[in-house]
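Colleague: Supplied in structure tokens, the structure appears directly below.
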Ligand code: T4K
């Protein structure tokens, strides 16, 4: 039966996500503290407290706050003195390869794993050259990379490992914070993330010496009033955003659980629909954050392309997103790289042509998720 006739467009736009908002009263209270302190940025009390609270929350030994995740990742590359070539994934947000370019490093795109959509750890070794200094892997949509295999390759070739954990706030493997893997991990606290500080980010690291270097780099390299010891940048998080981050820590677990519930609804509604591949299932010892809900549409089986589903959903006021299409290797600034050749990235190209991020945020009603699923099923041919 064609259900389209019975389904009306949503009265208001349903976006792929909506930020979690604290109450105005909570924010006002914190603003009053800041006004009293007469301290707005440069390592103020809110910043100090948030850094401590997040270190504990994320179960990492050391953490440095930043004004956004991109600057944080740029500083991570600087702090480890990366150069030459860094092996990364094309299936990610533009920021990932861009931080390499801003560090004068050539991104070398490695193909991805078809199930997790993360860098294919088995293919990394074949991409290593004498110029390779590191692996920059992304825990795409919060699904952990194959951290053991990546570390094994890195150890054998003396490479650094940096994780873009922009999507992986609060993810744990066997009780271990995701930010403890590799040399440095970056978290994004952008408004669209499960946990946010409006804009913001952090680096997590195991080595306190690396933290000291990072803290200098994010503050112009200033050691004291008389000494500037390295060419740093301004990566500091201000007091207002740090205060909002402290409030948001009280919201994150509730939001995570609401999203987990919505994941289950999507799974229930879409399981068994021919031509749809649902979010990858992870090992039992992985604690997920349920931030995104992603499906893949196989046109040959579903009878409609991903783009058809995307366009039709818009007609019903549902604004899904094609994260991450186009691949970074398709951007004009990277297309000419040898590693960008489609023949080098068959899985990434196939996945990018099928992937669709569906609306996922705690304030989304369960019934709305069911209706979105009914729409998708009605598009099937
Ligand atoms: N690495 C990875 C793997 C990343 O995914 C990202 C960021 C980074 C690095 C860089 O971290 P940051 O430097 O950003 O800290 C969004 C986010 O802006 C971006 O942070 C995120 N990844 C990316 C996956 O998604 P857009 O271009 O899709 O954002 P936008 O403005 O289209 O927002 C998406 C939807 O969210 C809107 O359709 C409506 C809703 N929205 C958005 C904002 C900003 C709201 O309802 N309210 C809002 O205030 O990139």
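None of the figures in this text is laboratory data; all of them are computed from the coordinates on show. No experiment lies behind these values; they were computed from the predicted model shown. In this analysis, Cβ positions are derived from the backbone assuming ideal geometry, glycine residues included, and neighbour counts consider all displayed protein chains.
Colleague: Please compute the contact order of the stretch 247-345 in relative form: average sequence separation of alpha-carbon pairs under 8 Å and at least six residues apart, divided by the residue count, as a percent.
Modeller: Taking the mean separation of contacting Cα pairs over the length of the stretch 247-345, I get 17 percent.
Colleague: For the stretch 86-151, max minus min Cα coordinate along each principal axis, in Å, sorted largest first?
Modeller: Between the extreme Cα coordinates on each principal axis of the stretch 86-151 lie 31, 24, 16 Å.
Colleague: Along Cα→Cβ, 7 Å out, is where each label goes; now give me the distance between the ones at residue 257 and residue 125 in nm to one decimal.
Modeller: 4.5 nm
Colleague: Something else: Taking R0 as 51 Å, what's the FRET efficiency between residue 374 and residue 249 from their Cβ-Cβ distance, rounded to 0.05?
Modeller: Once rounded, the FRET efficiency stands at 0.90.
Colleague: May I ask you to order 88-95, 266-273 by the average number of other C-beta atoms within 10 Å around their residues, highest value first?
Modeller: Descending packing order for the listed peptides: 88-95, 266-273.
Colleague: Another question, if that's okay. Relative to the first principal axis of the alpha-carbon coordinates of the chain, what is the inclination of helix 306-315, with its axis defined by its Cα atoms, in degrees from 0 to 90 and to the nearest 10?
Modeller: Relative to the chain, helix 306-315 is tipped by roughly 80 degrees.
Colleague: Using a 10 Å cut-off on Cβ atoms, rank the peptides 340-348, 168-176 from the highest mean neighbour count down.
Modeller: 168-176, 340-348
Colleague: Related question: How much length, in nm to one decimal, is gained on full extension between residue 149 and residue 53, taken as 0.36 nm per residue of separation minus their Cα-Cα distance?
Modeller: 31.5 nm
Colleague: Considering only DSSP beta bridges where both residues belong to the chain, give the percentage that are antiparallel (nearest 5).
Modeller: In the chain, approximately 60 percent of DSSP beta bridges are antiparallel ones.
Colleague: On to the next question. Per the helix-only calculation at 222 nm, which mean residue ellipticity applies to the chain, given -39500 (n - 2.57) for every DSSP H run of n ≥ 4 and division by its residues, nearest 500 deg cm²/dmol?
Modeller: After summing the helix terms and dividing by residue count, I get -10500 deg cm²/dmol.
Colleague: To test your reading of the geometry: what angle, between 0 and 90 degrees and rounded to tens, separates the Cα axis of helix 69-79 from the longest principal axis of the chain?
Modeller: Helix 69-79 and the main axis of the chain meet at about 50 degrees.
Colleague: Another question about this same structure. Could you tell me the relative contact order of the stretch 196-235? Use alpha-carbon pairs under 8 Å, at least six residues apart, and round to a whole percent.
Modeller: Result for the stretch 196-235 is 29 percent.
Colleague: Helix 239-248 versus the longest principal axis of the chain: what angle, 0 to 90°, nearest 10, using Cα atoms?
Modeller: Compared with the principal axis, the helix lies near 50 degrees.
Colleague: When each pair of different Cα atoms in the stretch 253-379 is counted once in the 1/r mean, what is the Kirkwood radius in angstroms, to one decimal?
Modeller: 15.8 Å
Colleague: Where both residues lie in the stretch 38-188, what percent of DSSP beta bridges are antiparallel, nearest 5?
Modeller: Roughly 15 percent of the DSSP beta bridges within the stretch 38-188 come out antiparallel.
Colleague: Relative contact order, percent, of the chain when contacts are C-alpha pairs under 8 Å separated by at least 6 residues?
Modeller: Here the relative contact order equals 23 percent.
Colleague: Got a sec? Which residues in the stretch 39-81 would a label at residue 287 touch, if it sits 7 Å along Cα→Cβ and we count backbone N under 15 Å?
Modeller: Label zone hits: 54-61.
Colleague: Another one. Modelled label-to-label distance, residue 192 and residue 37, 7 Å Cα→beta-carbon offset: nm?
Modeller: If labels sit at residue 192 and residue 37, their model points lie 3.0 nm apart.
Colleague: Further, regarding this structure: In nm, give the distance between the simple-model label positions of residue 363 and residue 7, each being 7 Å from the Cα along the Cα-to-Cβ direction.
Modeller: 2.4 nm
Colleague: Stretch residue 114-residue 212 to full length: gain in nm at 0.36 nm per residue minus the Cα-Cα span?
Modeller: 31.5 nm
Colleague: Further question: Using per-residue counts of other Cβ atoms within 10 Å, averaged over each peptide, order 240-246, 257-263, 178-184, 226-232 from highest down.
Modeller: Result, highest mean Cβ count within 10 Å first: 178-184, 240-246, 257-263, 226-232.
Colleague: Placing one identical point scatterer on every Cα of the chain and ignoring solvent, what is log10 I(q)/I(0) from the Debye formula at q = 0.13, 0.14 Å⁻¹?
Modeller: At q = 0.13, 0.14 Å⁻¹ the computed log10 ratios are -1.08, -1.22.
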